[in-house]
Amino acid sequence: MSYIKPKVTHPAIAKNELGFTRRDYEGSISTLCAGCGHDSISAALIQACYELDLPPHRIAKISGIGCSSKTPTYFLGASHGFNSVHGRMPSVVTGANIANKDLVYIGVSGDGDTASIGFGQFSHIVRRRLNMLYMVENNGVYGLTKGQFSATADFGSASKGGVPNPFDQIDLIQMALQLGATYVARGFSGDKKQLVPLIKGALSHPGFAMIDCISPCVTFNNHEGSTRSYEYVREHDVPVVTADYVPYAKTIRVDYEPGTGTQVKMHDGSVLNLHKLDEDYDPYDRKKAINYLLDCQEQGKIATGMLYVNPDVTDFHDIMKTVDEPLSSLNYDRLNPGVEALESINASFR
Amino acid sequence: MKRSDIRDPDYIQKVVDCQHACPAHTNVPEYIRLIAAERYSDAYMLNWHSNVFPGVLGRTCDRPCEPACRRGRVEEKPVAICRLKRVAADNKGDIGQRMPEIPKKKNGKRIALIGAGPASLAVARDLMPLGYDIELYERERRGGGFMRVQIPSFRLPAEVLDEEVDQILNMGVKTHFGTEITSLAALLEEGFDAIFIGTGAPRGNWLDVAGAEAVADNVHVGIDWLSSVHFGHTEKVGKRVVVIGGGNTAMDCCRTARRLGGEEVTITVRSGFEEMKASEWEKEDAMAEGIPFLNYHQPLEYLSENGKLVGMKFQKVRAEYDDNGRRKLIATDEVPVTVACDDVLVAIGQSNAFPWIERDIGIDFDDRDMPIVDELTHQSSLPNVFFGGDAAFGPKNIITAVAHGHAAAISIDLHCSSQDIRERPVKGVNLISQKMGLHDWSYSNAYDGLQRRIVPQVELKAALSSMSLEVEKGFDAEQAYEEARRCLNCDVQTVFTEKLCIECDACVDICPTDCITFIEDAPEELLRQSLMAPSTNLAQDLFVSSEVKTGRVMVKDEDVCLHCGLCAERCPTSAWDMQKSILKLPQAGGICRT
């Protein structure tokens, strides 16, 4: 068994603007089951951060508990990390984000961590519009405890032992739309071509971005009768809107051609080109999106791609009117205006 | 693009770069693993099977394997393959019992070998176990050919050569040492079933510039001078020596001169330093002995005073290349350079000479007076006369001569059993899974970032004071183990089974050198531009699978694959497996005989 991925790289490996190779964004070798979808999501995150030229030390990755929440060890080894309590990733991101709004936050969670024990936390972090990427690595089972159905498993889908799921599923995408998330996408770990631009868009989005990524569990949920297997997802996947991310540097070059789809301008000047594969779909209309998703669900289809985006967003700090400078870099004098200031505040309430 | 067949020996042999580059196709990765396991005798025998002289070659080989080594593409330096071979030879136990059995009852066929160099000895090694009667004719008193008389013993100790030559002679070869063949026609009359000519390229080229006649006593042909030193006829050389030439013979000449009293020994070459024919390491060894190299020096004239050589005059030149890339040396405006010297050693190439082959006995010669020899079969236009080694196609090296010997032995065996010698025995390959457990392999798959180990040498002062003290000490067991760990095990193949693949991308994500891509099929040129990493080494194949479930194909660029097995470790369905390939390359007898 190999515990170390050799540091040696392809001699002609490309470097990004910062002089880093993709390999510089990797973490330790994965200890998940071989073939786990989560590992592909890690690879997609690595690829996206590399392509966005993000400095690794300006990224914080925070997770809860579960197979998914182990994965931050396996990517961005040079970034900040916090493996928190089960279902409590949102609280820790909130705290970190309040203290230092300048970092890029990647919250990694699973279907159990988000749709069961962390359901309450999930809904409130969406409401609070925290500027982060909330990545759900959704495999429909509890892999660490031998493959019981999770709350996102489809009604009627079969467990590895052949027993059908008697409960209705929670669709986290619909939840996020209901609660007002401004960037909502669904990916599939087996399709990095689709997933990487979605992650890049999410990391550039100045508000709450949620990606529900279907990630087959090779050990407990990749059998016949499963609706989260590689084969089933490939057969029932309906990509509705594909995105392609164009960095700011490229958009200002004269040879840039916008393409045929519609464009979303991101706050940093980059552009997300959207290509509608289904003419009826409108990724800017929340109500229609919810209806479309309900239709898909009824027909047993899995809609993937850029499902909803609203570039005009306010984030938590806008709402709370915090100072521009991150609290973490304010010095003591500015954080503590002194007894006189406190007294004048108290006086204003009298 | 055409699908690859990873079970095809022609495909596999290209992946094992070192073995493919070795003219005798020595199974390098396997013997390196054996050395790491301290199974030196096994490693030696594996070498011996293919290259016949592991001890000699472990010191003197031209190492075509090393520039081919994949490690040299992954990082800077290839594995020190050659010096590992020496470790096997130096540390082996008694291998007497492992020598092939020689049949008491002969097969009735008689073969004559002319010249006792590596090519002839390889023929004898291959044919003796098949029951042939072999008579070996050699001008000198001992076997070994140029390995004995022209390679100085500070590079190749006599006892190493003796052992490996005797291993073959002791199989019952009838030797006629001190017997120079002066007429092939006469030998043909003795009724041999086949005659093999391995007489080398015995004539050193002479540098005929102005003033040569006057100073002939102090101008020597390099290879003749080296032989003369070997036989003890020459024991001294002048204090100032100029060696002309840039090949390995020139390196041996200058280093020998340093040991015979040469204090100021200089090498001069017409070409640039980089283009010199000598192996890089032989140049390094010469420089380490304090020998300066003057490049772009074209000899003009031998200078003499009172009939005695006093120096050599050179025109400085520069290289210019025409549109076809051909080099021309153009004289510069600089005034000629004079290098003072007492002796000149000329090492500017060797030629073949066959004054003893009558031109009317059916052997055709070309316009350069070289025999016309078939490159595959080594047969001349006289069906029972075969050529090999430098005698066949001009000067090369030991390992090429051995390869010729193998090929000629196959031809001779087919010829003597009245079969078509162009119907060569077929290659084969065995693939054996190395899987020992869920993530365990029976080879050491972890990549070791160690840099190439340097072979220890004796101190310069001691080295220069002796003709017979071997300069290189060879790796000790620990150094050999460390160097062996640098081998990437390129013979352990990444075998892919399309129908098992679920396209989870685990192999793509884990591959340290980005070799693997799943992609829509396209012509090779397009594919090479669309892979995970640039695929610019066209000498290396793309491994292309059949279609997987989504209709894409798996394309693996063989170029910098570490054979680390991570793709197979991370594969949930064992669509990838690491399988050791054992190439079955034919030699005379065995599978060759029907």
Open item on the list: Restricting to region B:409-461, name every residue that is small (Gly, Ala, Ser) and over 30 Å from residue B:381 (Cβ atoms).
Closed with: B:428, B:433, B:437, B:442, B:444, B:446, B:449
Open item on the list: Anything in region B:558-575 that is more than 9 Å from chain A (Cβ to nearest Cβ) and in contact with a Leu (Cβ under 9 Å, 6 or more places away or on another chain)? List them, or say none.
Closed with: B:558, B:561, B:563, B:574, B:575
TODO: Within region B:534-556, track down each residue that is in contact (Cβ under 8 Å) with a residue 24 or more places away in the chain and either facing chain A (nearest Cβ under 9 Å) or in a loop (DSSP other than H, G, I, E, B) (or both).
DONE: B:535, B:537, B:540, B:541, B:548, B:549, B:550, B:551, B:552
Open item on the list: List pairs: first residue in region A:267-281 and part of a strand (DSSP E or B), second residue surrounded by 13 or more Cβ atoms within 10 Å (Cβ to Cβ) and among the aromatic types (Phe, Trp, Tyr) anywhere in the structure, Cβ distance under 7 angstrom, at least six positions apart or on different chains.
Closed with: A:272/A:245
- [ ] Quick one: in region B:120-169, of everything that is out of contact with any Ser or Thr (no Cβ under 9 Å at 6 or more places or on another chain) and of a type in the set (Gly, Ala, Ser), which residue is surrounded by the most Cβ atoms within 10 Å (Cβ to Cβ)?
- [x] B:122
Task: Qualifying residues in region B:473-499 (those that are in contact (Cβ under 8 Å) with a residue 24 or more places away in the chain and acidic (Asp, Glu)) - the one farthest from the other protein chains (Cβ to nearest Cβ) - done: B:491
TODO: Identify, from the list B:591, B:582, the residue that is part of a helix (DSSP H, G or I) and either at pLDDT below 95 or not polar (S, T, N, Q) (or both).
DONE: B:591
Open item on the list: Going residue by residue through region A:10-19, is there one that turns out to be in contact (Cβ under 8 Å) with a residue 24 or more places away in the chain, surrounded by 21 or more Cβ atoms within 10 Å (Cβ to Cβ) and touching a Ser or Thr at 6+ places or on another chain (Cβ under 7 Å)?
Closed with: no
Open item on the list: Given the criteria touching a Leu at 6+ places or on another chain (Cβ under 7 Å), without any contact (Cβ under 8 Å) to a residue 60 or more places away in the chain, over 24 Å from residue B:151 (Cβ atoms) and not hydroxyl-bearing (Ser, Thr, Tyr), does residue B:421 qualify?
Closed with: yes
Task: So residue B:365, is it under 16 Å from residue B:200 (Cα atoms) and out of contact with any Cys (no Cβ under 7 Å at 6 or more places or on another chain) - done: no
Open item on the list: Just to check your reading of the model, which residue among A:77, A:37, A:64, A:95 is surrounded by fewer than 18 Cβ atoms within 10 Å (Cβ to Cβ), touching an Asp or Glu at 6+ places or on another chain (Cβ under 8 Å) and not acidic (Asp, Glu)?
Closed with: A:77
Task: Verdict on residue A:194 being part of a loop (DSSP other than H, G, I, E, B), touching a Gly at 6+ places or on another chain (Cβ under 9 Å) and at pLDDT below 95 - done: no
Open item on the list: So, residue A:34, is that one small (Gly, Ala, Ser), farther than 23 Å from residue A:200 by Cα, within 14 Å of chain B (Cβ to nearest Cβ) and out of contact with any strand residue (DSSP E or B) (no Cβ under 8 Å at 6 or more places or on another chain) or not?
Closed with: yes
TODO: Pull up region B:500-514, narrow it to residues that are facing chain A (nearest Cβ under 8 Å) and at negative phi, then point me to the one that is surrounded by the most Cβ atoms within 10 Å (Cβ to Cβ).
DONE: B:506
- [ ] Determine whether region A:46-61 contains at least one residue that is surrounded by fewer than 17 Cβ atoms within 10 Å (Cβ to Cβ), within 19 Å of residue A:192 (Cα to Cα) and either free of Cβ contacts under 8 Å to residues at least 24 places away in the same chain or at the interface with chain B (Cβ under 7 Å from one of its Cβ atoms) (or both).
- [x] no
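The values are calculated or read from the model by the stated rules, or taken from the named source; none is laboratory data. Every value quoted in this text rests on a predicted model; they were computed, and no experiment measured them. With ideal geometry, Cβ positions are generated from the backbone for all residues, glycine too; neighbour counts draw on all protein chains shown.
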